[in-house]
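Report on one structure; see the data block that follows.
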Amino acid sequence: MRIKNQLHTISTLAIIVLIIFISFFILSASRYKTAKSVLNIADEVQIKFFVSTSLRDQYLLYREDRPKEQWVLVNQNLDNLLENLQALKGEDKNIKDIVEAKKKGSALFQRIIANTSLIKSSLPNKQVYSELDNRLISQMYIRHNEFFNGVQEIRSGTEKEVEKTYRNLITAITVLAVILSFIVIFSSWHLNRLISRRLEILHVGADIISQGKLEYRINIEGEDEFSDLATSFNSMTSKLQMNNEQLELERARSVQNAKLASLGEMSASIAHEINNPLSVIQLTNSRLLEKIKKEQLATDTIVHSLEKNQGAVDRINKIIKGLTNLSRDAVNEDIQVFSVENMMEQVLSLVGQKLNYANVELRVLIPPGDLFIESSLTQISQVLINLINNAHDAIANLPEKWIQVEFKLMPESALVQCSVTDSGNGIPPEIAEKIMQPFFTTKEVGKGTGLGLSISKEIIETLGGKFYIDHECPHTCFVFELPKIFNR
Amino acid sequence: MFRVFFLLLMGLLVSSCNKHIFAKAPSPLKKITIAYTFQPQSTLIHVAKEKGFFAEEGLEVVPLMHQYGKTALRSVLENEADLATVAETPLLFSILNDDKIFILSTIVASSQNSAIIARKDAGISKAHHLKGKKIGVTPLTTGDFFLDSLLIANGMTRKDIIPVPVLPDDMEEALKLKKIDAASTWNYPLTQIKHLLGDNGILFFDEDIYTETFNLASKQDFVTKNPEIIKQLIRAVVKAQEFVKNHPKEAQEIMARVTNKTPELIKEVWNSFSFNVTLDQTILITLEDEARWAIKNKLTDKTKVPDFKKFIYADALKSVSPSAYKLNRVENEN
Ligand SMILES: Nc1ncnc2c1ncn2[C@@H]1O[C@H](COP(=O)(O)OP(=O)(O)OP(=O)(O)O)[C@@H](O)[C@H]1O
Ligand SMILES: [Mg+2]
């Protein structure tokens with residue numbers, strides 16, 4: 001059942017209970033009211049009756065008119081009260097009885113009054129009438145006793161009724177409160193259980209999906225708000241999955257593009273690198289040529305010039321060699337044993353001049369006796385170039401400019417650690433997370449692609465290593481660790 | 001939740017079964033002899049017996065049937081019965097006679113049960129025509145006192161008429177044979193005679209002059225020795241009272257059956273009686289009235305009205321039905 005419907009049922013139930021109890025309450029309340037007024041009237045009847053009996057007894061004592069007349073008045077009051085009582089509870093047997101007894105009692109009193117005139121007369125048998133007087137008085141007492149007892153009975157009955165209806169009222173309220181709180185407690189317990197049970201499935205599902213398993217689908221049985229939610233959740237996840245696949249594809253494409261772009265960038269710097277020795281050769285040659293035309297040259301001078309040219313050619317050779325290494329793309333083809341010293345020489349041939357030009361001091365620390373690695377020379381060179389370039393860019397405007405590249409053999413000897421540290425102040429933590437992401441750059445448009453770090457990280461991880469920022473370091477320090485021997 | 005409900009229900013069932021079993025636990029019935037009559041005033045005793053209320057309370061009642069209460073009381077005094085149903089008049093004379101008796105409870109009261117039925121052919125059509133006539137009466141019974149009261153109410157005394165002692169069941173015959181001109185009697189004979197005389201009969205009665213009671217009475221000795229039996233007895237009679245109140249039709253059927261009277265007759269007199277098991281002022285006032293009457297008419301050698309409260313045993317009624325005991329609420333003492 002849907003939670004909405006459950007809530008609906010519960011509130012309907014509560015309303016029904018409320019209605020039943022309120023009707024019971026109203027009924028009890030009206031009974032209570034009636035009983036209360038009966039009790040009040042019965043009290044009044046009792047009081048009036050006492051007054052009437054005392055007037056009655058005064059009359060019986062002196063047979064004078066005054067108490068008789070007053071008795072008539074009080075009796076009238078009493079009759080009115082009894083009428084009220086009958087109006088309230090006419091069907092009550094006890095009330096009928098007391099009305100009857102009262103009527104007989106009053107009739108007897110009237111008869112006594114009538115008989116009194118016979119006693120006071122001068123009839124010869126007035127003795128008999130005084131005897132009758134006694135009998136009538138006794139009978140009147142009997143009726144009045146009946147009346148009095150009846151009133152007492154009504155009083156105590158009504159008192160009980162008042163008590164009972166009052167108790168009913170209290171009970172109604174208590175039971176209502178108990179039932180309502182039961183409904184509230186039960187329903188909240190039930191809903192809580194239901195919700196948390198069903199929510200748990202959603203929660204677990206969301207956790208699994210957030211771990212990257214976008215193919216996971218949440219399965220909630222039944223038909224309620226939660227299964228609806230799960231359905232939307234699932235459709236959201238499948239859209240996400242689709243988007244993700246798309247993104248992955250695009251990223252791969254971008255990475256490829258970026259590789260091409262960085263190749264272009266590199267060719268530019270290569271041209272720049274080659275250009276220098278070339279112009280040295282050109283200059284030396286043309287000077288030599290000029291001098292040869294004008295004058296006889298000493299062998300020394302010629303040798304010196306040729307040596308200078310040879311140096312320039314050597315340099316070009318070196319660059320080209322580095323380039324050949326870089327151009328090889330596939331990792332596996334590239335795996336070879338190489339010396340870290342040699343690799344650094346090649347790297348420096350590509351970035352050295354740029355650093356010199358920017359007045360950056362470069363320190364390279366390699367353990368004594370060199371270090372040999374079996375891995376991809378080209379790829380690692382590219383990572384180093386990336387890192388050195390980044391460092392160069394980062395410290396360009398600092399007063400103190402240095403970059404330190406340090407290689408270390410890790411204690412277990414199976415790992416080589418390389419750190420590239422520059423004189424900068426570290427990466428602010430708020431962007432440290434982001435900088436590894438592809439296309440994140442702080443550089444102006446056209447200058448940086450934002451792919452350098454992400455490509456480097458990918459390369460190191462492909463080579464079975466770790467790539468990270470060392471936040472312990474007071475300066476900016478990028479570190480990678482590689483297996484000394486790449487395990488295919 | 002259903003299970004809880006079910007368990008509760010089972011529990012209730014089991015416990016009610018238990019109660020039943022305990023209630024039915026056999027205990028020997030105590031045997032008592034009650035002397036009572038076929039008069040309407042004995043209705044509660046008949047009903048209690050017929051409906052098994054005595055047995056329910058652990059009593060086996062042996063009936064000792066009488067024509068009227070006076071002889072029923074006598075059989076108690078003569079140790080033939082343990083208890084009697086009897087009107088207050090025989091009780092009065094028994095008390096004046098210093099018999100050690102207890103009145104246990106009034107079981108019925110009526111101011112319409114007594115009347116004088118007269119033959120018109122004896123020249124009686126008004127009350128004062130009774131003067132000088134032979135009037136049948138059972139001495140020292142309610143009929144005796146009623147006759148006196150009715151005469152007084154009509155300005156006469158006993159000296160104005162000729163009382164003829166007749167047993168209740170002989171009244172009809174006596175009237176038929178014209179041995180008497182009128183009879184002071186009660187039901188059922190009264191209504192039977194009325195029907196018998198038809199147009200020749202005339203009834204004189206006065207609700208204002210006399211309230212008769214019928215009571216349960218026993219010897220003091222028996223009561224003090226068997227207070228438990230008295231309680232059981234009162235309890236059974238109170239049950240009968242409730243039954244009569246709630247099922248008057250069935251009660252009338254029972255009375256028709258046990259008294260061998262027609263249902264019509266039973267029904268005709270039914271409303272003249274209020275079957276209340278009680279102890280109230282009525283019995284005391286009436287006893288005192290009658291005591292004064294008895295003293296005045298020299299029907300006793302006593303000269304003082306006795307304290308009748310001493311002859312009332314209220315413990316049983318008080319414990320069985322406290323509200324039925326009304327002698328502590330005296331209207332004119334308030
Ligand atoms: N050594 C460093 N010191 C300070 N910030 C750095 C350093 N290296 C990288 N960064 C920050 O990281 C960002 C990303 O570097 P990344 O190499 O991925 O891209 P890029 O250098 O901006 O562009 P590209 O390398 O493609 O030319 C840089 O824009 C820069 O803000
Ligand atoms: Mg970069």
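Details
- All other residues whose Cβ lies under 15 angstrom from that of A:Ser227 are scored, Lys and Arg at +1 and Asp and Glu at -1, for a net of -1.
- The distance linking region A:195-231 with region B:45-102 is 90 Å (Cα centroid to Cα centroid, whole angstrom).
- Other residues whose C-beta falls under 13 angstrom from the C-beta of A:Lys160 contribute a net charge of +1, scoring Lys and Arg +1 and Asp and Glu -1.
- Peptide A:378-388 has a mean shielding of 0, counted as Cβ atoms of other protein chains within 10 Å of each residue's Cβ.
- Net charge of Cβ neighbours under 11 Å - reference B:Asp170; Lys, Arg +1; Asp, Glu -1: -1
- GNM result for chain B, Cα springs below 10 Å: residue of B:Arg235, B:Arg119, B:Arg158 fluctuating most strongly: B:Arg158
- About its Cα centre, the dipole of region A:245-483 is roughly 1000 debye, where the only charges are +1 on Lys and Arg Cβ and -1 on Asp and Glu Cβ.
- Taking the three principal axes of the alpha carbon atoms in region A:3-201, the coordinate ranges are 115, 23, 21 Å, sorted in descending order.
- In the protein assembly as shown the Cα-Cα distances spread across 10 Å bins starting at 0 as 2, 9, 13, 12, 9, 5, 4, 4, 4, 3, 4, 5, 6, 6, 5, 4, 2, 1, 1, 0, 0 percent of all pairs.
- Mean separation of Cα contacts under 8 Å (6+ apart) over length of chain B, as relative contact order %: 24 percent
- Rounded to the nearest 20 debye, dipole of the protein assembly as shown from Cβ charges on Lys, Arg, Asp, Glu: 3600 debye
- Whole-number D in µm²/s for chain B (Stokes-Einstein; Kirkwood sum over Cα pairs; 37 °C, 0.692 mPa s): 154 µm²/s
- Percent of beta bridges antiparallel (DSSP, the protein assembly as shown, rounded to nearest 5): 65 percent
- Inter-label distance, nm, simple model (7 Å from Cα along the C-beta direction), A:Asp207/A:Leu194: 2.5 nm
- 10 Å Cβ neighbours from other chains, averaged over peptide A:140-151: 6
- Note on region B:198-334: Rg/Rh from C-alpha atoms, Kirkwood Rh, equals 1.01.
- All Cα pairs of chain A, percent lying beyond 44 Å: 60 percent
- Accessible area ranking (1.4 Å probe, heavy atoms, ligands and nucleic acids excluded), largest first, for A:Arg56, A:Arg363: A:Arg363, A:Arg56.
- Semi-axis lengths (Å, descending) of the ellipsoid that matches the C-alpha gyration tensor of region A:245-483: 36, 20, 19
- Entry note: region B:115-204 has Rg to Rh equal to 0.91, where both radii use alpha-carbon atoms and Rh is the Kirkwood radius.
- Summarising the label geometry, the points placed 7 Å from Cα in the beta-carbon direction at A:Ile47 and B:Asn297 lie 4.6 nm from one another.
- A:Ala396-A:Arg66 pseudo-label distance in nm [points 7 Å out on the Cα-to-Cβ vector]: 13.3 nm
- Low-density loop positions, trypsin sites (Lys or Arg not before Pro), region A:91-200 - DSSP coil, at most 14 other Cβ in 10 Å: none
- Listed by chain and number, the lysines placed with their C-alpha closer than 26 angstrom to that of A:Lys294 are A:Lys308; residues fewer than eight positions away on the same chain are left out.
- Comparing B:Ser323, B:Ser27, B:Ser75 in a Gaussian network model of chain B, where Cα atoms under 10 Å apart are tied by springs, the biggest mean-square fluctuation is seen for B:Ser27.
- Choice from B:Leu284, B:Leu216, B:Leu190 with maximal GNM fluctuation in chain B (Cα, 10 Å cutoff): B:Leu284
- Interface A:B - total buried accessible surface [probe 1.4 Å, Å², rounded to 100]: 2500 Å²
The values are calculated or read from the model by the stated rules, or taken from the named source; none is laboratory data. None of the values given here were measured: they were computed from a predicted structure. Here the Cβ is made from the backbone with ideal geometry for all residues, glycine too, and neighbour counts use every protein chain on show. Each accessible area value is taken on the protein alone, full model and side chains, heavy atoms only, with ligands, DNA and RNA left out. Shrake-Rupley method; radii C 1.70, N 1.55, O 1.52, S 1.80 Å.
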